[in-house]
Amino acid sequence: MIEILLAYIILVDVGLVDIVEYENKLNELICKSHDDELLLELVWCFSDIQKAKGLIFNYCERYELNIDSFGEFLMKRLKMVYLQSDIDLHEFSSKVILAWGKLPERITQVEPFWSMSYAGEPLSWGDVQQTRKLFEEMFDFYESKR
């Protein structure tokens, strides 16, 4: 649960996912676990995304975050944005780098998260194909582990 919330709050914060999608996921989770303290707090502070982000990050610091579960969901969601939206590749790349900067520090140097920091670099010399290849490898990281 926390892994999905963390991914959503990061993606909302950088503008890759609409807040309505986060709200829908939060409502879905609260219906399944209506007595969960974290979920209740998140519902109460829904209109204050920065406070919600703080709550989620604090929770992740106190409790064990399943990195593979988080990464798998994050990569799947990034891939959906990449494939289904009309976002420009440069803009997408910029937002992915911003998202990387918001990850828990202990995972920023681990794949597939590390790729988020450099996948867009080939765009600086006009190599769209290499950027797409790097993003697609990043998206498929967990699929190759199965």
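Some points to look at:
- Note that region 112-121 has calculated 3J(HN,Hα) couplings of x, 5, 4, 4, 4, 7, 10, 4, x, 4 Hz, one per residue in order, obtained from phi through the Karplus relation 6.51 cos²θ - 1.76 cosθ + 1.60 (θ = phi - 60°); glycine and proline are x.
- Restricting attention to the chain, the count of lysine pairs at 8 or more positions apart or across chains with alpha carbons under 16 Å apart stands at 9.
- Restricting the calculation to alpha carbons of the chain gives Rg and Dmax of 15.5, 52 angstrom.
- Tilt relative to the chain, helix 2-14 - C-alpha long axis, 0 to 90 degrees, to 10: 60
- 0 to 90° range, to nearest 10: angle between helix 49-62 axis and the chain longest Cα axis: 90
- Each peptide among 74-84, 53-63 gets the average number of other Cβ atoms lying within 10 Å of its residues, and from highest to lowest they stand as 74-84, 53-63.
- Folded to 0 to 90 degrees: helix 89-101 orientation relative to the chain principal axis, Cα: 50
- CD proxy at 222 nm, helix term only [per DSSP H run n ≥ 4: -39500 (n - 2.57); per residue of the chain; nearest 500]: -21500 deg cm²/dmol
- Estimated inter-spin distance, Glu121 and Asp35, nm [label 7 Å along Cα→Cβ]: 5.1
- Note on region 8-81: Cα convex hull, mean projected area over all directions, 5.0 nm².
- Residue with peak Gaussian network fluctuation, the chain [Cα springs, cutoff 10 Å], from Glu37, Glu111, Glu72: Glu37
- For the chain, accessible area per residue (1.4 Å probe, heavy atoms of protein chains only), Å²: 56
- Protein accessible area in region 77-146, 1.4 Å probe - carbon and sulfur %: 51
- Largest first and in whole Å, the equivalent-ellipsoid semi-axes of region 69-127 read 19, 15, 9, each the square root of five times a Cα gyration tensor eigenvalue.
- Relative contact order computed over region 33-146 (Cα-Cα under 8 Å; 6+ residues apart), in percent: 22
- Nearest-10 value in Å² for the accessible area of Trp100, using the 1.4 Å probe: 60
- Fully extended contour minus Cα-Cα distance, from Asn66 to Ile97, at 0.36 nm per residue: 9.0 nm
- Cβ charges +1 (Lys, Arg) and -1 (Asp, Glu), total dipole of the chain, debye: 160
The values are calculated or read from the model by the stated rules, or taken from the named source; none is laboratory data. These numbers come from a predicted model, not from an experiment. All Cβ positions, glycine included, derive from the backbone under ideal geometry; neighbour counts span all protein chains shown. With ligands, DNA and RNA removed, areas are computed over all heavy atoms of the protein, side chains included. Shrake-Rupley method; radii C 1.70, N 1.55, O 1.52, S 1.80 Å.
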